[in-house]
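Comments concern the structure below.
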Amino acid sequence: MCGIVGAIAERNVAGILLTGLKRLEYRGYDSAGVAIVDKSGVQRVRRAGKVQALDDAVNDSGTSGTLGIAHTRWATHGVPSERNAHPHMSGNGLALVHNGIIENYQSLRNRLQGEGYEFHSDTDSEVIVHMVHQAIAAGDDLLAAVQRTVRELHGAYALGVVSETDQDRFIAVRSGSPLVIGLGIGENYVASDQLALLPVTTRFIFLQEGDVAEVRRDSVRIFDRDGTEVEREIHEFDGTHEDAEKGEYRHYMLKEIFEQPVALQRTLEGRLGSVADLDGLFSKNADLLERVRFIQIIACGTSYHAGMIARYWLEALAGVPCQVEVASEFRYRTHVVPEGTLFVTISQSGETADTLAALRATNSPNYVGRLAVCNVDSSSLVRESELVLLTRAGPEIGVASTKAFTTQLAALKMLVLAMARVRGVDEATIQAQLDELRQLPGLIQQVLLLDDEIEKLAEQFVEKNHTLFLGRGTQYPVAMEGALKLKEISYIHAEAYPAGELKHGPLALVDKEMPVVAVAPNDELLEKLKSNLQEVRARGGELFIFADGDAALENEDGMTVLNMPAVPECLIPIVYTVPLQLLSYHVAVMRGTDVDQPRNLAKSVTVE
């Protein structure tokens, strides 16, 4: 959500800023802008729509300079428009970009208007730049003015601030919204995500909560929320620039679907030697799992679906009671914490605002620890949790999560096996599932070979407006994930139901205009599912079934069956997710939607 890029150098920074914004497009946005400082002052260019429109405008205007900030905006306060696009300015020489939401902006806006400030946008962000301007007018320098201003702000924010009267530095602030400093040679940078800066540096400092940074060409000074100068660790990025490129694929989403065998291999690598090796998953807190009596899983969106599947596994194999809840609901209700609770958060980015807020509210002594299942080792979620299980999925650019989801499931399966070990489940059972996990990358590769068949199947969804997804047991969350993918990128209304609930309401919707997608592995619930499918057929519904080859389901009038490879039961939810990803992808392509950047959505949801 939203993106910030800033740079100070001896050379023209326009290219650095625009390239950075393009690499942040995956986050979701509706407008973009830059403010570049040169000898004549601050030159601001903004455009509604795509970054390319901004790039063209900057090139046409010849805007250049050695200091600048840039932004992609995802609308919260005020409609998507050029007037609401960042950067915002106060006077003619002070410019600011902001990610996040200022909760007390209305009272601050009223105060500033009463003191003579004129507002030119509907955003909450504009109040911040006027407050900094006011502090400078009262005698503060740029750094002190920003520090004074943020003390009055309530909410979440990452800021970048430049001034025409202070062209040797820019100021960056992080509070509740991620921000990283990039270190170059004779030039330095700031961005919402290190991926934005990989073309120019691989050395980063991750700002912590409340940090204010003064960034110059040859130095970076960081102050904590109390104003004390502090040192922060420098991290070397260990990925590759190509990880974030599409390569031969038409879309990032398709590339990331086909990367899943390799991504899963990374997740499992070095972790599946023997049952005893499970102890090494949490070597620094090896005794913690022995004290766990209850597990609370918190997540949002796709990660929530991963948590739902993990609950089935935890209770069935490890015998540990588990509750799963969406973070935005959990954080605002009163809840009872059973003694011996392990608090588990799941997030691709590790910066999801609601999940982080829930984590920070875990102050009950009944929690024995906090575990983050995450893809980004430098994220806030990882840094603030005692236990970490990295998914190692690699950069995921497409807004609709694919490889992040399947690697989360693989990581959660390892957590389940580790819990089963400390709970006394016999080693033969655990070893059998470890052996099956090793088959996972190869099984996913087999499913990917069905791509052409799935693409042909997708043709029958293009003209539809609604779709129902069905599953039973662990396949119900898989159906939920399939419905989410279809609605995210094709804009077809899609819902998921436990198949046994059909007769309690959803059957009223079934007709030939509403495709019904079912996942039918050869498990103990298959015969029950078949009965539910007959309920659909009896009412004229059109069925599309992803089924085990031994499930005895065949193509008939009103029923299309795509045969899946035989899959060990413990891997079924992971493997059966992949064809639903491919189905959604091909439907979206045929409908002509923006697959990688679907409307109104963002990759990293850093606001409530």
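The values are calculated or read from the model by the stated rules, or taken from the named source; none is laboratory data. Since this is a predicted model, take the numbers as computed values, not measurements. Glycine also receives a Cβ, built like all others from the backbone with ideal geometry; neighbour counts cover every protein chain displayed.
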- Item | Residue in segment 408-432 that is nearest to residue 578 (Cα to Cα), counting only those that are in contact with a Gly (Cβ under 9 Å, 6 or more places away or on another chain) and buried (at least 19 other Cβ atoms within 10 Å of the Cβ) | 408
- Which of the following residues is farther than 30 Å from residue 109 by Cβ and over 20 Å from the mean Cα position of the chain (by Cα): 165, 202? 202
- Query: What number of residues within segment 433-452 satisfy the criterion of being surrounded by 13 or more Cβ atoms within 10 Å (Cβ to Cβ) and either hydrophobic (A, V, I, L, M, F, W, C) or under 19 Å from residue 317 (Cβ atoms) (or both)?
  - Reply: 11
- Message: When you check residue 221 against the structure, is it free of Cβ contacts under 8 Å to residues at least 12 places away in the same chain, surrounded by 13 or more Cβ atoms within 10 Å (Cβ to Cβ) and more than 30 Å from residue 592 (Cα to Cα), yes or no?
- Response: yes
- Message: Of everything in segment 15-42, what is outside any strand (DSSP E or B), of a type in the set (A, V, I, L, M) and out of contact with any Gly (no Cβ under 7 Å at 6 or more places or on another chain)? Give them in sequence order.
- Response: 16, 18
- Task: Please work out if residue 257 is closer than 30 Å to residue 593 by Cβ and out of contact with any Gly (no Cβ under 7 Å at 6 or more places or on another chain).
- Result: yes
- Working only within segment 221-240, note down all residues that are of a type in the set (Val, Ile, Thr) and in contact with an Asp or Glu (Cβ under 7 Å, 6 or more places away or on another chain). 222, 230
- Please enumerate the residues belonging to segment 335-357 that are hydrophobic (A, V, I, L, M, F, W, C), within 20 Å of residue 368 (Cα to Cα) and crowded, with 18+ Cβ neighbours inside 10 Å. 342, 343, 344, 346, 356, 357
- Note on the structure: Within segment 252-281, residues modelled with pLDDT under 85 and part of a helix (DSSP H, G or I) come out as 275, 276, 277, 278, 279, 280, 281
- Task: Name the one entry in 126, 164, 214 that is crowded, with 24+ Cβ neighbours inside 10 Å, closer than 19 Å to residue 95 by Cα and among the charged types (D, E, K, R).
- Result: 126
- Restricting the search to segment 441-465, which residues are part of a helix (DSSP H, G or I) and of a type outside the set (A, V, I, L, M)? 441, 442, 445, 446, 451, 452, 453, 455, 456, 459, 460, 461
- Filter segment 43-80 for residues that are without any contact (Cβ under 8 Å) to a residue 40 or more places away in the chain and part of a helix (DSSP H, G or I) and give the result. 51, 52, 53, 54, 55, 56, 57, 59, 60, 61
- Which ones in segment 45-69 are surrounded by fewer than 15 Cβ atoms within 10 Å (Cβ to Cβ) and either over 30 Å from the mean Cα position of the chain (by Cα) or of a type in the set (Lys, Arg) (or both)? 59, 60, 61, 62
- Those residues of segment 354-363 which are touching a Ser or Thr at 6+ places or on another chain (Cβ under 8 Å) and polar (S, T, N, Q), in sequence order: 355
- Test: residue in segment 282-296 that is modelled with pLDDT under 90, among the acidic types (Asp, Glu), loosely packed, with under 15 Cβ neighbours inside 10 Å and assigned to a helix (DSSP H, G or I): yes
- Query: With respect to residue 464, is the statement that it is touching a residue at least 24 places away in the same chain (Cβ under 8 Å) and under 25 Å from the mean Cα position of the chain (by Cα) true?
  - Reply: no
- Query: Quick one: how many residues across segment 87-98 are at pLDDT 95 or above and either assigned to a loop (DSSP other than H, G, I, E, B) or touching a Cys at 6+ places or on another chain (Cβ under 6 Å) (or both)?
  - Reply: 1
- Query: Among (1) part of a helix (DSSP H, G or I); (2) farther than 25 Å from residue 26 by Cα, which single condition is residue 195 missing?
  - Reply: (2)
- Task: Scan segment 116-153 for residues that are of a type in the set (A, V, I, L, M), under 32 Å from the mean Cα position of the chain (by Cα) and not in a helix (DSSP H, G or I) and jot them down.
- Result: 153
- Could you look through segment 1-44, keep only residues that are more than 21 Å from residue 187 (Cα to Cα) and surrounded by fewer than 22 Cβ atoms within 10 Å (Cβ to Cβ), and pick out the one that is modelled with the lowest pLDDT? 25
- Message: Take the conditions farther than 27 Å from residue 40 by Cα, outside any loop (DSSP other than H, G, I, E, B) and not aromatic (Phe, Trp, Tyr) and apply them to residue 156. Does it pass?
- Response: yes
- Item | Candidates 418, 428, 411 - the one that is out of contact with any helix residue (DSSP H, G or I) (no Cβ under 7 Å at 6 or more places or on another chain) and assigned to a helix (DSSP H, G or I) | 428
